[in-house]
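Peer 1: Take a look at this one; I'll ask things after.
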Amino acid sequence: MLATADMSGAHINPAVTLGLAFSGLFEWSKVLPFIIAQMAGAMLGAFTVYIFFRNHFKITTTSGIRRACFCTAPAIRNYSNNFFSELTGTFILIFAVLLITLPQLEYESFGSTKVGLGSLGALPVSLVVFSVGLSLGGTTGYAINPARDLGPRIVHTLIPFKNKDLNDWKYSWVPVFGPVAGALLAAILYRILLP
């Protein structure tokens, strides 16, 4: 997250991209290309995990452990509570993203150049993600990122495993639509408070 340069603004999460677009702070024309790139990145990352751990996966027999390397699952399956957990965690993340302001210094000797934090500007968001994980991670594994769950779940489905764990597609909608709903609510509140 901290190695983003100025290419994406650290958009590694479709919920962040959608939250910024819903808030009017990101161009809608860029949303689909960003989400496609985020999904591709998540899937490539998941395939890399498979390559790295494939020998471990061959000897692992505990049900659900291999799938846990790819996607989330609830500690207690209750779709409404699981959805609310993902919505809440993502709402906190997106609202923080919308409200975080970074220091920028202007020096007369630099002309109109502003001096900021560079990649360290992503640190406050990283701390929010860490805090959400500590507080809400136990309930659903806190995807708070549709690409982080859906892309790897697709890769898990496509990779041939011996004695493969089920892909749990019945649950897969929760870590996709919960974060999208949380992003939308955060954007609505942001637009109400800061029109």
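The values are calculated or read from the model by the stated rules, or taken from the named source; none is laboratory data. Because the structure is a prediction, the values reported are computed rather than measured. So basically every Cβ, Gly included, is an ideal-geometry build from the backbone, and we count neighbours across all protein chains shown.
Peer 1: Would you check which residues across region 34-67 are of a type in the set (Val, Ile, Thr) and assigned to a helix (DSSP H, G or I) and list them?
Peer 2: 35, 36, 48, 49, 51, 59, 65, listed by residue number.
Peer 1: For region 147-169, enumerate the residues that are surrounded by fewer than 16 Cβ atoms within 10 Å (Cβ to Cβ), under 13 Å from residue 64 (Cβ atoms) and touching a helix residue (DSSP H, G or I) at 6+ places or on another chain (Cβ under 8 Å).
Peer 2: 161, 164, 166
Peer 1: Another one. Regarding region 25-36, can at least one residue be identified that is at pLDDT 95 or above, surrounded by fewer than 18 Cβ atoms within 10 Å (Cβ to Cβ) and among the polar types (S, T, N, Q)?
Peer 2: Yes: one or more hits.
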